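None of the figures in this text is laboratory data; all of them are computed from the coordinates on show. Because the structure is a prediction, the values reported are computed rather than measured. As a convention, Cβ positions derive from the backbone with ideal geometry for all residues, glycine included, and neighbour counts pool all protein chains shown.
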Amino acid sequence: MSDRPSTPILDKVRIPSDMKGLTDAQLRQLADELRAETISAVSETGGHLGAGLGVVELTVALHAVFDAPKDKIIWDVSHQCYPHKILTGRRDRIRTLRQKDGLSGFTKRSESPYDPFGAAHSSTSISAALGFAMAREMGGSTEQGLGDAVAVIGDGALSAGMAYEAMNNAGHEGKRLFVILNDNEMSIAPPVGAMSSYLSRLYAGAPMQELKAAAKSAVSYLPHPFQEGARRAKDLLKHVTVGGTLFEELGFSYIGPIDGHDMEQLLSVLRTVHARADEPILLHVITKKGKGYHPAENAADKGHATAKFDVITGKQAKAKSNAPSYTSVFAESLIKQAEADSRICAITAAMPDGTGLSKFMDRFASRCFDVGIAEQHAVTFAAGLAAGGMRPFCALYSTFLQRGYDQIVHDVAIQRLPVRFAIDRAGLVGADGATHAGSYDIAYLANLPGFVVMAASDEAELVRMVATAAAHDDGPIAFRFPRGEGVGVDIPEDAQPLEIGKGRMIQEGKGVAILSFGTRLQEVMAASEALAARGIVPTVADARFAKPLDRDMILKLAADHDALITVEEGAVGGFGSHVAQLLSDEGVFDAGLKYRSMVLPDIFIDQASPSQMYDVAGMNAEHIEAKVLDVMGVATLSQRA
């Protein structure tokens with residue numbers, strides 16, 4: 001406690017209503033204390049630091065002017081919500097962020113009435129806010145009542161089409177609605193794209209003329225670093241638009257830009273629009289990601305995601321790696337393939353570092369495309385590249401690939417285009433929780449005709465699967481791999497493509513066979529060792545492919561054993577379901593085979609360490625051991641032991 005910051009005003013604020021009696025000067029001090037408390041908390045837990053620091057003043061101003069939870073403040077992505085959580089009755093738990101049974105790192109409806117809408121994917125806030133606004137207009141209600149709806153969107157989220165779909169709808173409806181564009185230095189500067197050309201256009205039409213003055217929004221009022229970005233955007237604007245901004249064309253009154261770290265400006269503008277608005281308003285606020293903490297401000301990612309760190313130095317307490325990460329193995333393997341094949345190119349959706357493609361981009365800048373937070377576009381763009389004779393690798397997290405599913409079906413699978421999907425963060429990912437878990441891609445890809453679906457059991461297998469995908473031109477192909485380090489196996493220098501639809505035997509045994517798909521193979525082998533101490537030696541196989549299945553191997557396992565157990569890091573409907581369908585079609589169950597599938601349970605699993613999450617899922621080594629004992633009818637022996 002002695003190392004924690006002094007926060008005399010924040011100590012008196014338990015919920016936002018406690019702020020109503022504070023003077024503007026006290027609100028400014030509250031913001032300073034809130035920033036210090038956020039830094040202190042995240043230093044103990046790790047998490048998304050930079051985004052929250054960038055909206056400290058905005059968070060204080062919003063809660064000072066609006067009346068949450070009656071007014072609905074919706075944070076887009078919501079990785080910037082830590083200061084909001086501190087001000088809304090959760091300060092006493094803020095040091096449990098992203099831990100098992102602790103606070104979520106994102107907004108979560110079940111956690112607090114001050115989180116009216118959960119989020120962890122981008123560009124959803126305006127749609128949700130419009131829903132609240134129209135529910136208010138139609139007489140809907142919530143436990144706290146329905147007041148204003150405020151969407152806070154930024155950090156690149158305007159590169160997603162969903163935001164514009166919502167704005168187009170909101171402009172058509174014409175009802176009172178507030179959209180705060182949180183535009184930080186990273187998103188206003190190139191190479192974000194053409195949208196930057198719009199972000200400094202000043203609203204000039206009646207009847208909101210006074211707001212322009214209230215905002216002090218002329219570029220000369222901005223701090224120097226912001227002036228350059230705003231001037232650049234204004235210069236670009238002259239070349240691409242004639243009369244009115246895009247936002248105004250969509251039906252919004254545009255106000256800004258204003259300095260998002262100037263409490264006087266924020267309070268003045270927010271109070272004015274709160275008192276006078278009767279239509280959709282877009283308030284353009286320029287902020288600095290990582291604001292007020294030098295290590296974050298100076299970091300390349302502005303402190304986007306950190307491990308635990310020392311507050312004084314900013315040095316993060318990251319564990320030493322014993323093996324390369326799966327992501328880095330993928331990136332290096334793809335680079336090697338691209339060196340030998342000029343048709344190989346790569347696409348990511350605003351995650352070049354997270355997917356490892358920043359390394360590929362350094363080596364092959366003209367063959368790597370970051371399309372922004374636009375997974376639907378990424379998939380169809382990749383399909384077009386494939387149709388044009390290229391060999392595209394579309395590298396997305398499993399949870400984000402979900403957003404492009406219609407395009408996967410319609411633009412890729414039906415046309416049988418050879419798009420290669422590199423699916424990172426497969427399985428349970430840890431502190432980001434259910435919103436980021438890669439639980440469903442096996443099921444939603446393996447049901448598509450002509451799709452090849454692979455899962456790497458270790459980093460050597462991942463290298464082989466990259467080679468397999470690179471060589472595969474007969475339709476779409478996907479390979480999945482988890483977050484984190486590999487298992488430390490030797491990586492082949494000259495990896496050869498796998499035979500499509502062929503698995504591999506790992507261990508010969510008898511009685512029961514375990515067929516693993518993905519990196520749970522390590523847990524299967526640990527369970528096998530424990531079973532060997534009981535005199536039980538299971539056969540173990542690595543499926544490699546969920547589609548097409550290795551029919552010969554699976555049917556032989558079924559014929560040679562009394563029981564067959566499948567294990568996968570995915571939801572029901574995936575690999576195990578396809579195996580069961582094969583066994584049923586072949587009449588294997590008529591011969592008395594005992595079949596069990598181990599899949600992720602039919603629940604959303606909250607944040608914890610990956611190992612803890614797999615404990616909840618019942619998919620660690622001890623659970624696999626117990627499943628074998630149960631299917632063999634010796635569970636009681638396990639209990640005695």
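Remarks
- Ranking of Leu283, Leu417 by count of other Cβ atoms within 10 Å, fewest first: Leu417, Leu283
- Exposure proxy order (Cβ contacts within 10 Å, fewest to most) of Lys502, Lys20: Lys20, Lys502
- Cα centroids of region 1-74 and region 563-641: 46 Å apart.
- 0 to 90° range, to nearest 10: angle between helix 375-387 axis and the chain longest Cα axis: 60 degrees
- Under a 5 Å amide H cut-off, with hydrogens placed 1.01 Å from N, Cys345 pairs with Arg391, Phe393 among residues at least 5 apart or on other chains.
- Degrees separating the helix 161-173 axis from the principal Cα axis of the chain, which is the longest one: 40 degrees
- Difference of contour (0.36 nm per residue) and Cα-Cα distance, Ile603 to Asp406: 68.5 nm
- Using θ = phi - 60° and Karplus 6.51 cos²θ - 1.76 cosθ + 1.60, couplings along region 425-438 (whole Hz; Gly, Pro as x): 6, 6, x, 7, 9, x, 5, 6, x, 5, 5, 10, 5, x
- For Asp606, residues with placed amide H under 5 Å, excluding near neighbours: none
- Each part gets one Cα centre, and for region 434-490 versus region 350-392 those centres are 17 Å apart.
- With all pairs of different C-alpha atoms in the average, the Kirkwood value for the hydrodynamic radius of region 526-641 is 15.3 Å.
- Under a 5 Å amide H cut-off, with hydrogens placed 1.01 Å from N, Met598 pairs with Thr566, Val567, Glu568 among residues at least 5 apart or on other chains.
- Label sites at Tyr164 and Arg276, each approximated as a point 7 angstrom past Cα along Cα to Cβ, lie 3.0 nm apart.
- Dividing the helix sum by the residues of the chain, where each DSSP H run of 4 or more adds -39500 (n - 2.57), gives a mean residue ellipticity at 222 nm of -10500 deg cm²/dmol.
- Straight Cα distances below 26 angstrom link Lys308 to the lysines Lys85, Lys100, Lys108, Lys288, Lys289, Lys291, Lys318, Lys320, Lys359, with same-chain residues fewer than 8 positions distant left out.
- The 3J(HN,Hα) values that the Karplus relation (6.51, -1.76, 1.60; θ = phi - 60°) gives for region 501-506 are, in residue order, x, 10, x, 9, 7, 9 Hz. Gly and Pro appear as x.
- Of Asp458, Asp301, Asp3, the sequence from fewest to most neighbouring Cβ atoms within 10 angstrom is Asp3, Asp301, Asp458.
- 0 to 90° range, to nearest 10: angle between helix 575-585 axis and the chain longest Cα axis: 40 degrees
- Model label points for Leu555 and Ala526, set 7 angstrom from Cα along the Cα-to-Cβ axis, are 3.6 nm apart.
- Once mean projected area of the Cα convex hull in nm² is calculated for the structure shown, the corresponding label among (i) 26.8; (ii) 31.2; (iii) 32.6 turns out to be (ii).
- The Cα center of region 259-318 and the Cα center of region 535-554 differ in position by 51 Å.
- Sequentially through region 558-571, phi angles give Karplus couplings (6.51, -1.76, 1.60; θ = phi - 60°) of 5, 6, 9, 9, 7, 9, 9, 10, 9, 9, 8, 9, x, 7 Hz, Gly and Pro residues having no value and appearing as x.
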